[in-house]
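The values are calculated or read from the model by the stated rules, or taken from the named source; none is laboratory data. Quantities reported herein were computed from a predicted structural model and do not represent experimental measurements. Heads up, the Cβs are rebuilt from the backbone with ideal geometry, glycines too, and the neighbour counts pull from every protein chain shown.
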4 protein chains.
Amino acid sequence: LIQPRERKQVPAQQRVRDILDSRLVQRAIIVVIVINSVTMGCETSTALMAQTGSLLHVIDRIALVLFSAEIAARLYAYRGAFFADPWNWFDTIVVAVAVVPATGPASVLRALRILRALRLVSAIPSMRRVVGALLAAVPGMGSIIGLLTLMIYIAAVIATRLFGDILPERFADLPSSLFTLFQIMTGDDWGNVAQEVMQQKPWAWVFFIAYILMSTFVALNLFIAVVVNAMDDAEASPAETRMQAELEAMHTELATVNAKLDQLLVREHTSASSSGDDW
Amino acid sequence: LIQPRERKQVPAQQRVRDILDSRLVQRAIIVVIVINSVTMGCETSTALMAQTGSLLHVIDRIALVLFSAEIAARLYAYRGAFFADPWNWFDTIVVAVAVVPATGPASVLRALRILRALRLVSAIPSMRRVVGALLAAVPGMGSIIGLLTLMIYIAAVIATRLFGDILPERFADLPSSLFTLFQIMTGDDWGNVAQEVMQQKPWAWVFFIAYILMSTFVALNLFIAVVVNAMDDAEASPAETRMQAELEAMHTELATVNAKLDQLLVREHTSASSSGDDW
Amino acid sequence: LIQPRERKQVPAQQRVRDILDSRLVQRAIIVVIVINSVTMGCETSTALMAQTGSLLHVIDRIALVLFSAEIAARLYAYRGAFFADPWNWFDTIVVAVAVVPATGPASVLRALRILRALRLVSAIPSMRRVVGALLAAVPGMGSIIGLLTLMIYIAAVIATRLFGDILPERFADLPSSLFTLFQIMTGDDWGNVAQEVMQQKPWAWVFFIAYILMSTFVALNLFIAVVVNAMDDAEASPAETRMQAELEAMHTELATVNAKLDQLLVREHTSASSSGDDW
Amino acid sequence: LIQPRERKQVPAQQRVRDILDSRLVQRAIIVVIVINSVTMGCETSTALMAQTGSLLHVIDRIALVLFSAEIAARLYAYRGAFFADPWNWFDTIVVAVAVVPATGPASVLRALRILRALRLVSAIPSMRRVVGALLAAVPGMGSIIGLLTLMIYIAAVIATRLFGDILPERFADLPSSLFTLFQIMTGDDWGNVAQEVMQQKPWAWVFFIAYILMSTFVALNLFIAVVVNAMDDAEASPAETRMQAELEAMHTELATVNAKLDQLLVREHTSASSSGDDW
């Protein structure tokens, strides 16, 4: 974007930036991400690991080095601006996960190394835009998500108190109840849960049906809020575009009419004052 | 909102109102609600109750006193207007549940004390608006909800008569059938229910598939009614806003054109009458 | 609606029509339908039948007589026009079901007598409108429903051929496969069906996942077709209403401008011809 | 569409084209497709095959000959243009499946012969349009489908690593995990899978709930993208149509105003220059 007038004066920083943004380097990075994602997938197969385990590890190491080099280069090229782009933070964290020694309680981090495949999102602009749009939709849903969370919490406390003794494997404590009620909200297997409870407390259907109706209704409105937002953000429809074009054409024409009337008024005035001033 | 000119003359009632509406008091009430909601959640854990049971009870008592005091203050401050706001009724009932002695058959009320957490909705304006919007959507769905209820009732009577003997644990009487058919409408485990019935009455698939198609179709239209309502209530889209601005600008310009023409007509008239009256 | 000028000349037919359309009779019919629906629900309970069986039967008989009388009166009042309204056909069939002797193979008709409760739909205008709107949406979905049916049929033939031997209780013949695939399309328990098949034919996931993706996608588009139709039928949004009002106001003003210009042109012409004809 | 002026000069190619496009031939082909689809369905029934197997085979042979003849005729009539229409490719492949000898590993092809029923789609124009619209919607969903696929892949790698030892029948290797996670995304039986894992790794709910929330949210946005696209493609609403008509009427009137002003200006100029040139 910045046009350097004299070749010599291009600073090293700018040159690195140009290289990073070049089509070739962008493509190469995407290829490395895809290859690395596939090798990490292969690593889950014990058969493949027995045969080609060392090769897979070597590829993984090389990919890691390339990613680290790319991030370092970007950090050098953009300095402070590097930290302003959240996608840079994302890339750094996702790559850093692999460097952390994953032993003992941190062994889960080993499994999270595949999150590196998400770099595909930050590397492909169209994916970046989609994720950006998804995240932009979240704040508008804040109040409804809050309401839904509150509803599940209240229902979980009630269910723990009422059904904790009857169906301890589902409602023994608050966390179990929260999980069960989330499951019921998704409509999975709720009939069985309800019927097991109803064998001892026949009126329990009131709780379950009220909970399903209310949570579904709120979730439906959450969904509608997202749709209405998306509609508002959508570009104008063809019909609207045509109407806007028409309106602008009319506006131009109206301005011409106005200008011509001004001309007429000036002439009238001149001709009136020249021909006679008796008014 | 009312600006008292002389400090002395501010009635006590108004002062209480100002205090209740002050940012500080509003925040404090929200904090108390959140703390109380958490402690009521903790009360469901036997481990936590064994250790900190008495503390939790004390917090609960204090919260209850504060809520009662707040409601009393509001009642004092607003008098008759207090009962005009349905949220006040809501707060009062939800707090009153805790005061009712919950023994014997009323022991369910103990579990319902957590409904007090819903005071969060009445205390936070944005939540209040969301719930208001949700409730406002209900009347428009009246006819479709009525139709859906009628359909489930009819299907339940038919199912009880036809399948009551075959699958008594599901269709023994009207309440069981209503519950089972509600479950089938949510799509939960309907295949198993249908197949158990079909083992003895192979033509039963007609009933189940007809019921699922019809209830899904009506539920879908219920959903569409809500979406279309929400769309209508939504503000104008950016395209529409721009078109409206354009229209208004044109309207103004057209008014200028009209005024100039009036000027011209008047002058013409004058000049015509002054220069010669031969027509 | 027709104002009879002379009381004497009102034909009996018209008087019956007025009585049938009167608010009182309409209300009474609705009450009878509701009572009859409730008693038919009560008839499914053996306990209630033992106690109040004969009473329930008497109410049912009376309701049946009233319905028959109403239909006969409508037939008398409207003559040929009676058969033009599909709701009249609906009412007649639904009532006639009860008169057919329900013995032997026709015993299912006994259970269908509750369909009489659907008369509530034909008796309440708002319900009638909702059902009318639902039915009006069906023709527009014809092609997509046809496509969906074709897809299920093809998938059922393939599944019967491929999986008939492996899972005979699900895919033994075409009807079983059709039922199972309809169940899978609703998302109910499809994982278990697929996994049982995959134990013997590991590649079967291709069939199931392709079927689910395609049927869901087509069903989604069926749904969208309904929404888009509903949107088109919806009234103009407030923004559009305001814009239309603005446009009309501008149109009127533009017509005034045009008329004034005509006036000017006439005067110019007159004044030009009177002052001098040198052009 | 091409009106041949002299009967004699119509080339044979054109005559074949006219015959193929005639209403009668089109209808006949549809009838053959329907009959053949039904007979292929009947072939799945061993009872029907025992009785009428040879008849069904003969009908199948005849249909196949007719289809082949039709495709050959179309190939002759349209020459190169035949290959430009993807529906022709589709018809050819679907018919060719039956000709391939289906023995040994290719026995699956036998089951795929029913795909010939899809010729109904290519033979009925309205079905063709529906499928065309469905396929046209796919490219716009590319990025979101890519994101969803990436999410499932990453989740599958993580699940295989973390839960492979605990629940080998679900998460033993990458393909199993992919299948299980697709099943979980459709909401089928996910509660049981999660609970089996949670018995050994109690924190596993984090994975399952995060996965369900994220995949549902992305799938929801995929759905919204389709709806918004469909809305944009939809014709203008009645309100918009009326507004466009109004706008066009105003535009015409404005043009008249402009023309009249031009007339006035010309006259003024002439009258001004004729009456006096003192300015």
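For the stretch D:156-173, give me each residue that is more than 9 Å from chain A (Cβ to nearest Cβ) and either touching a residue at least 60 places away in the same chain (Cβ under 8 Å) or part of a helix (DSSP H, G or I) (or both).
Those that are more than 9 Å from chain A (Cβ to nearest Cβ) and either touching a residue at least 60 places away in the same chain (Cβ under 8 Å) or part of a helix (DSSP H, G or I) (or both): D:163, D:168, D:169, D:170, D:171.
Specify the residue that is nearest to the other protein chains (Cβ to nearest Cβ); the eligible residues are those in the stretch D:183-201 that are in a helix (DSSP H, G or I) and closer than 22 Å to residue C:220 by Cα.
D:183
Within the stretch C:213-255, can you find the residues that are at pLDDT below 80 and polar (S, T, N, Q)?
C:229, C:237, C:241, C:244
Does residue A:58 count as of a type outside the set (D, E, K, R) and under 25 Å from the mean Cα position of the chain (by Cα)?
The answer is no for residue A:58.
Just wondering, is there one or more residues in the stretch D:187-198 that are touching a residue at least 12 places away in the same chain (Cβ under 8 Å), hydrophobic (A, V, I, L, M, F, W, C), touching an Asp or Glu at 6+ places or on another chain (Cβ under 6 Å) and under 30 Å from residue A:139 (Cβ atoms)?
For the stretch D:187-198, residues touching a residue at least 12 places away in the same chain (Cβ under 8 Å), hydrophobic (A, V, I, L, M, F, W, C), touching an Asp or Glu at 6+ places or on another chain (Cβ under 6 Å) and under 30 Å from residue A:139 (Cβ atoms): present.
What single numbered condition from (1) surrounded by 21 or more Cβ atoms within 10 Å (Cβ to Cβ); (2) within 13 Å of chain B (Cβ to nearest Cβ) fails to hold for residue C:204?
Unmet condition: (2).
In the stretch C:103-140, what residues are closer than 24 Å to residue B:158 by Cα, surrounded by fewer than 14 Cβ atoms within 10 Å (Cβ to Cβ) and polar (S, T, N, Q)?
Passing the criteria: C:103, C:107.
Right, residue D:206: in a helix (DSSP H, G or I) and in contact with a helix residue (DSSP H, G or I) (Cβ under 9 Å, 6 or more places away or on another chain) or not?
Taking the combined requirement at face value, the residue does not satisfy it.
Would you mind stating whether residue D:148 is closer than 18 Å to residue D:227 by Cβ, within 11 Å of chain A (Cβ to nearest Cβ) and either modelled with pLDDT of 90 or more or surrounded by fewer than 18 Cβ atoms within 10 Å (Cβ to Cβ) (or both)?
yes
Provide a single number: the residues in the stretch D:100-124 that are more than 10 Å from chain C (Cβ to nearest Cβ) and without any contact (Cβ under 8 Å) to a residue 12 or more places away in the chain.
7
Checking the conditions here, which among C:137, C:156, C:133 is at pLDDT 90 or above, out of contact with any His (no Cβ under 9 Å at 6 or more places or on another chain) and not basic (Lys, Arg)?
C:156
Name, by its number, the condition in (1) crowded, with 20+ Cβ neighbours inside 10 Å; (2) within 30 Å of residue B:21 (Cα to Cα); (3) among the hydroxyl-bearing types (Ser, Thr, Tyr) that does not hold for residue B:143.
Of (1) crowded, with 20+ Cβ neighbours inside 10 Å; (2) within 30 Å of residue B:21 (Cα to Cα); (3) among the hydroxyl-bearing types (Ser, Thr, Tyr), only one is false for residue B:143: (2).
Scan the stretch D:198-207 for residues that are closer than 14 Å to residue D:167 by Cα and within 40 Å of the chain's Cα centre (by Cα) and jot them down.
Across the stretch D:198-207, the qualifying residue is only D:204.
On the given criteria, is residue B:94 within 17 Å of residue A:153 (Cβ to Cβ) and among the β-branched types (Val, Ile, Thr)?
Yes: the conditions hold for residue B:94.
Among (1) part of a helix (DSSP H, G or I); (2) within 11 Å of chain A (Cβ to nearest Cβ); (3) in contact with a helix residue (DSSP H, G or I) (Cβ under 9 Å, 6 or more places away or on another chain); (4) not hydrophobic (A, V, I, L, M, F, W, C), there is one condition residue D:180 misses while meeting the rest; what is its number?
Evaluating residue D:180 over (1) part of a helix (DSSP H, G or I); (2) within 11 Å of chain A (Cβ to nearest Cβ); (3) in contact with a helix residue (DSSP H, G or I) (Cβ under 9 Å, 6 or more places away or on another chain); (4) not hydrophobic (A, V, I, L, M, F, W, C) leaves (2) as the failure.
So in the stretch B:132-145, with the set limited to residues that are of a type in the set (A, V, I, L, M, F, W, C) and at the interface with another protein chain (Cβ under 8 Å from one of its Cβ atoms), which one is nearest to the chain's Cα centre (by Cα)?
B:134
If you scan the stretch D:168-197, which residues turn out to be more than 34 Å from the chain's Cα centre (by Cα) and surrounded by fewer than 20 Cβ atoms within 10 Å (Cβ to Cβ)?
Passing the criteria: D:168, D:169, D:172, D:192, D:195, D:196.
Read through the list (1) charged (D, E, K, R); (2) more than 10 Å from chain D (Cβ to nearest Cβ); (3) assigned to a helix (DSSP H, G or I), then give the number of the only condition that residue C:240 fails.
Result: residue C:240 fails condition (2) only.
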